[in-house]
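Chemist: This structure is in structure tokens; I'll ask about it shortly.
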Amino acid sequence: VQLQASGGGLVQPGGSLRLSCAASVSGFSIYVMGWYREGPGKPRELVADISSGGSTTYADSVKGRFTISRSSAKNTVYLQMNSLDPEDTAVYLCFVLTDGGIRYWGKGTLVTVSS
């Protein structure tokens, strides 16, 4: 399994970014796709995830600002991030959870929110 993330970068407070993560899979189905993040001096936290049925989970800190979506046909998950705050600065890591219960991670993409 290979996960290719893109879309990180530098943005000013209040700005927006869209992250994408495409998964190359073979021989099994993806159950959940999502994003964690690791901020400076902070533990890894779940940002958002989405199941194959479309159910979503969000961290309280991003509710109302971030939207996760997914293209099952493309095995791609997206994270639209609006109203970004310096506290959102982190390495964002995408993951997939297969129907067999195995979790795979992509390489992180850095999001920096700064003026």
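Chemist: Putting +1 on Lys and Arg Cβ atoms and -1 on Asp and Glu Cβ atoms, find which of S55, S26, Y78 reaches farthest to the positive end of the dipole of the chain.
Modeler: Going by the charge dipole, the pick is S26.
Chemist: Cα atoms only, region 42-84: Rg and Dmax in Å?
Modeler: 11.0, 34
Chemist: Over the residues of the chain, compute the C-alpha Rg and express it relative to 2.2 N^0.38 Å.
Modeler: My calculation over the Cα atoms of the chain gives 1.01.
Chemist: Once you put a point 7 Å from the Cα of S6 and another 7 Å from the Cα of S83, both along the Cβ direction, what distance in nm separates them?
Modeler: Calculated label separation equals 2.9 nm.
Chemist: Kindly sort K42, K63 by accessible area of their heavy atoms, largest first, with the probe set to 1.4 Å.
Modeler: If we order K42, K63 from most to least accessible, we get K63, K42.
Chemist: Same structure again: Mind checking the dipole of the chain: about its Cα centre, +1 per Lys or Arg Cβ, -1 per Asp or Glu Cβ, Debye to the nearest 20?
Modeler: 220 debye
Chemist: Using a 1.4 Å probe on the protein heavy atoms only, what accessible surface does E87 show? Give it in Å² to the nearest 10.
Modeler: The value for E87 is about 120 Å².
Chemist: Order D85, D99, most accessible first, counting only protein heavy atoms with a 1.4 angstrom probe.
Modeler: D99, D85
Chemist: Using a Cα-Cα cut-off of under 19 Å, which aspartates and glutamates could be cross-linked to K63, ignoring same-chain neighbours fewer than 8 residues away?
Modeler: Straight-line reach from K63, under 19 Å: E38, E45, D49, D85, E87, D88.
Chemist: I'd like the Karplus ³J(HN,Hα) series for region 69-86: coefficients 6.51, -1.76, 1.60, θ = phi - 60°, whole numbers in Hz, and an x wherever there's a Gly or Pro.
Modeler: 8, 8, 10, 5, 5, 9, 6, 10, 10, 10, 10, 8, 10, 10, 6, 5, 10, x
Chemist: Can you sort F95, F28 by 1.4 Å-probe accessible area, starting with the largest?
Modeler: The most accessible residue leads, giving F28, F95.
Chemist: For the chain, with all protein chains present and a 1.4 Å probe, just round the carbon and sulfur fraction of the accessible area to a whole percent.
Modeler: Exposed carbon and sulfur together represent 47 percent of the surface.
The values are calculated or read from the model by the stated rules, or taken from the named source; none is laboratory data. These numbers were taken from a predicted model, which means no experiment stands behind them. With ideal geometry, Cβ positions are generated from the backbone for all residues, glycine too; neighbour counts draw on all protein chains shown. Note: areas computed on protein heavy atoms with side chains; ligands, DNA, RNA excluded. Shrake-Rupley method; radii C 1.70, N 1.55, O 1.52, S 1.80 Å.
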